[in-house]
Amino acid sequence: MPIPSEILFINKEYLTKYTQLNEAVDTNLIRPAIYLAQDKYIQLWLGTDLMNKIKSDIQNNTLSGVYETLLNNYIVKPTAWWTMVELYPSLVYKLDNGNVVSRQSEDTTPVTKGELDSLVDKARDNATFYTQRLVDYLCDNNSSFPEYTSNTFPDISPLKKVNRQSSVMFSDGYKDRYDTRIKWSIRDFYNG
């Protein structure tokens with residue numbers, strides 16, 4: 001059974017032009033990350049009907065007007081950065097003969113888990129910024145996109161708010177210091 005082709009909003013060339021990704025990265029790593037970014041993130045803010053409309057217009061070579069503006073000015077950028085969120089771990093780790101191994105070559109040093117997490121967080125910040133612009137544009141121009149509000153179950157209705165991740169961390173109220181548990185409160189952070 002042949003695998004159906006998927007309509008992607010961006011390609012490897014777009015990623016290498018507008019992100020830190022370079023030409024040497026295998027397209028076979030990039031394509032699944034783009035697909036996942038569109039399906040997992042972009043669809044949440046476009047909704048199923050609008051996403052399908054844009055994909056259909058791309059496939060039929062009929063994308064124009066406000067839909068073309070939406071794609072070119074508001075969809076491709078968050079798609080690129082959500083792709084990077086999904087792609088970074090694949091650039092460091094791979095499945096090889098049933099094992100997960102880290103990628104490295106003779107002239108490179110692999111990044112630490114903390115460095116990888118930092119890269120993913122920066123990509124997520126960029127993705128969130130561009131996603132907020134997408135949502136603002138759609139909310140301000142929703143009358144131009146009837147598919148934005150036409151979703152019915154089981155379709156995904158678009159989210160109207162981008163949740164930014166908070167740096168607030170909840171704890172049991174203790175911190176370990178030199179093998180001693182010290183009680184703390186949020187007031188400790190305000191008082192220095």
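Sketch the reach of a paramagnetic label on T16 as a point 7 Å from Cα along Cα-to-Cβ, and name the residues of region 47-77 whose backbone nitrogen lies under 18 Å away. Residues passing the 18 Å test: none.
Toward the positive end of the charge dipole of region 12-164, with +1 on the Cβ of Lys and Arg and -1 on the Cβ of Asp and Glu, the farthest Cα among G47, A123, T112 is that of G47.
Based on other C-beta atoms within 10 Å, arrange E147, E13 from fewest to most. List each step's numbers first, then the result.
Values: E147 17, E13 9.
With the fewest neighbours first, E147, E13 line up as E13, E147.
Each of S143, S118 was scored by other Cβ atoms within 10 Å of its Cβ. Listed from fewest to most, they are S143, S118.
Please arrange T19, T83 by how many other C-beta atoms lie within 10 Å of their C-beta, fewest to most.
Details: T19 17, T83 30.
Ordered from fewest to most neighbouring Cβ atoms within 10 Å, T19, T83 come out as T19, T83.
In this structure, N60 and E115 have a Cβ-Cβ separation that, at R0 = 41 Å, corresponds to a calculated FRET efficiency of about 0.40. Around the Cα centre of region 12-164, unit charges on the Cβ atoms of Lys, Arg, Asp and Glu (plus for the first two, minus for the last two) sum to a dipole of about 260 debye.
Every number in this text was worked out from the coordinates using simple rules, so none of it is lab data. From a predicted model like this one, the values you see are computed outputs, not experimental measurements. Neighbour counts run over all protein chains shown; Cβ positions are idealised from the backbone, glycine included.
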